[in-house]
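Data first, discussion second: the structure below is written as structure tokens.
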Amino acid sequence: MKIYFKHDADLGLMVGTAYFEFEDEWPTRQVEVYGEKWLCSNKEYHPGVGPGLADQPLSFFEFKKEHEINKTEFELIWAEAIKRS
């Protein structure tokens, strides 16, 4: 089963929003937005940032019910990230 989350993200000097798709316990897609900078897990590595996809299971994260989003919201963000990456 897939589940989706939106959470604040902090990348050193940049603050933004991270979007995650999990299938069971493992992340399958991820988008991070820092102003005009969009990072997408369709790339294996982002210079200066590192891997584009979290490697921790869902149980590692401290997501709450209010962080959960629906598939449609995630898919819209994913489509925009693909265009911008």
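Could you check how many residues of region 69-78 are more than 10 Å from Val31 (Cα to Cα) and not hydroxyl-bearing (Ser, Thr, Tyr)?
Looking only at region 69-78, we keep the residues that are more than 10 Å from Val31 (Cα to Cα), and these are 69-73, 75-76.
The next check asks that each one be not hydroxyl-bearing (Ser, Thr, Tyr); those that pass are 69-71, 73, 75-76.
Looking only at that region, the number is 6.
Any residue at all in region 50-60 that's of a type outside the set (Phe, Trp, Tyr), modelled with pLDDT of 95 or more, buried (at least 16 other Cβ atoms within 10 Å of the Cβ) and more than 12 Å from the chain's Cα centre (by Cα)?
Yes, some residue in region 50-60 is of a type outside the set (Phe, Trp, Tyr), modelled with pLDDT of 95 or more, buried (at least 16 other Cβ atoms within 10 Å of the Cβ) and more than 12 Å from the chain's Cα centre (by Cα).
Please find, within region 22-44, the residue that is nearest to Leu11 (Cα to Cα) out of those that are in contact with a Phe, Trp or Tyr (Cβ under 8 Å, 6 or more places away or on another chain) and polar (S, T, N, Q).
Gln30
The values are calculated or read from the model by the stated rules, or taken from the named source; none is laboratory data. As the structure is a prediction and not an experimental result, all values here were calculated from the model. Note that we place each Cβ from the backbone using ideal geometry, even for glycine, and neighbour counts take in every protein chain shown.
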